[in-house]
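What follows is a set of notes on a single structure, which appears directly below.
The values are calculated or read from the model by the stated rules, or taken from the named source; none is laboratory data. Keep in mind that what you see is a predicted model, and the values were worked out from it rather than measured. When we count neighbours, we look across all protein chains shown, and the Cβ atoms used for this are built from the backbone with ideal geometry, even at glycine.
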Amino acid sequence: MKIKHALFALVLGNVLEFVGAFLKISHSEYAQLVLGLGLGLIVFGGIALLYKLAVHPKVRAFINS
């Protein structure tokens, strides 16, 4: 997975969270599903981004210096 995929998951998760919050305010029946999907994408994208940063050689060299 590339970093751009992790960032895309983070952005899409945030968009779904916003839409889910709007649906929750309007008392839609699918609000919980959309909020859950958004939160799942945010967690997945965050973990993927942290993993990619942790294994990147330039970041490791910077941390070790």
Problem set entry | Residue among Ala31, Ala54 that is over 10 Å from the mean Cα position of the chain (by Cα) and surrounded by fewer than 12 Cβ atoms within 10 Å (Cβ to Cβ) | Ala54
Problem set entry | Subset of region 28-57 [out of contact with any helix residue (DSSP H, G or I) (no Cβ under 7 Å at 6 or more places or on another chain), at pLDDT 95 or above and not hydrophobic (A, V, I, L, M, F, W, C)] | Gln32, Gly36, Gly40
